[in-house]
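Below is one structure, written out as structure tokens; comments come after it.
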Amino acid sequence: MALLPILEFPDDRLRTVARPVERIDAPLQRLIDDMFETMYAAPGVGLAATQIDYHYQLIVMDVSEEKNEPLVLINPRIVETEGSQTCQEGCLSVPTIFADVTRAERVVVEALDRNGELRRIDATELLAVCIQHEMDHLAGKVFVDYLSPLKRQMVKSKLDKRRRQQAPASATG
């Protein structure tokens, strides 16, 4: 398994709309394993393939406290929504930034699991938020898109400053 680089906002590749997965094969299984390793190491509760510059409809997540309930969603589709909730969200592609986002309180999603079996998941609470957040990535959206333009610019400025501070000092003559 391998840790994969995670794209960070405002990288334009995060805006790519993911294509459906056509084959569940050994390379996809390795990618799923690498995505889980990357997500757990980050640490996070969800990771969409778009975030690692792989533009197919693939999501891994694990919202359990013990990190022992891995969930794979291939070609997910939300088929039902209900209610509304506002939660503070963060994102591995927008490190150190958290903001309130309003989403459906309950979602029903249909997707293939890592074995190609169709699953129907009735999700509430954190799982519902995570599914909607990660599916946004597959559609080329990032959670900061729900913020006002001013707040989004503030996020971009904070991340730019963070990157400058983390960059190694260049050698001078």
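The values are calculated or read from the model by the stated rules, or taken from the named source; none is laboratory data. Remember, predicted model here, so these are calculated numbers, not experimental data. Cβ sites come from the backbone with ideal geometry, for glycine too, and all protein chains shown count toward neighbours.
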- Query: Across the range 108-161, what is the number of residues that are crowded, with 16+ Cβ neighbours inside 10 Å, hydrophobic (A, V, I, L, M, F, W, C) and not in a helix (DSSP H, G or I)?
  - Reply: 8
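Just to check your reading of the model, which residue among Arg77, Arg19 is of a type in the set (Lys, Arg), in contact with a strand residue (DSSP E or B) (Cβ under 9 Å, 6 or more places away or on another chain) and within 18 Å of Ala128 (Cα to Cα)?
Working: Arg19 fails: within 18 Å of Ala128 (Cα to Cα).
Step by step, each of Arg77, Arg19 is checked, and only Arg77 is of a type in the set (Lys, Arg), in contact with a strand residue (DSSP E or B) (Cβ under 9 Å, 6 or more places away or on another chain) and within 18 Å of Ala128 (Cα to Cα).
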- Note on the structure: Going through (1) without any contact (Cβ under 8 Å) to a residue 24 or more places away in the chain; (2) surrounded by 13 or more Cβ atoms within 10 Å (Cβ to Cβ); (3) within 24 Å of Arg15 (Cβ to Cβ) one by one, Asp100 fails only at (2)
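Restricting attention to the range 102-144, which residues are among the basic types (Lys, Arg) and under 17 Å from Ile74 (Cβ atoms)? I'd like the intermediate steps shown before the answer.
Of the range 102-144, the ones among the basic types (Lys, Arg) are 103, 106, 114, 119-120, 141.
Residues satisfying the conditions are Arg114, Arg119, Arg120.
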- Tell me, please, whether a residue that is touching a Lys or Arg at 6+ places or on another chain (Cβ under 8 Å), closer than 28 Å to Arg19 by Cβ, of a type in the set (Ser, Thr, Tyr) and in contact (Cβ under 8 Å) with a residue 60 or more places away in the chain can be found in the range 49-58. yes
- Single residue of Asn68, Asn75 found to be surrounded by fewer than 20 Cβ atoms within 10 Å (Cβ to Cβ) and out of contact with any Pro (no Cβ under 9 Å at 6 or more places or on another chain): Asn68
- Residue in the range 70-89 that is within 22 Å of Val142 (Cα to Cα), at pLDDT 95 or above, in contact with a Gly (Cβ under 6 Å, 6 or more places away or on another chain) and not acidic (Asp, Glu) present: no
- Message: Return the pair list, or none, for Cβ contacts closer than 8 Å from residues in the range 133-159 that are over 22 Å from Thr81 (Cα atoms) to residues that are among the aromatic types (Phe, Trp, Tyr), at least 6 apart or on different chains.
- Response: Val155/Phe9; Lys156/Phe9; Leu159/Phe9
- Within the range 33-58, residues within 25 Å of Asp160 (Cα to Cα) and either aliphatic (A, V, I, L, M) or more than 14 Å from the chain's Cα centre (by Cα) (or both) come out as Met39, Ala41, Ala42, Val45, Leu47, Ala48, Ala49, Ile52
- Of all residues in the range 12-32, which are over 14 Å from the mean Cα position of the chain (by Cα) and exposed (fewer than 15 other Cβ atoms within 10 Å of the Cβ)? Asp12, Arg19, Pro20, Glu22, Arg23, Asp25, Ala26, Pro27, Gln29, Arg30
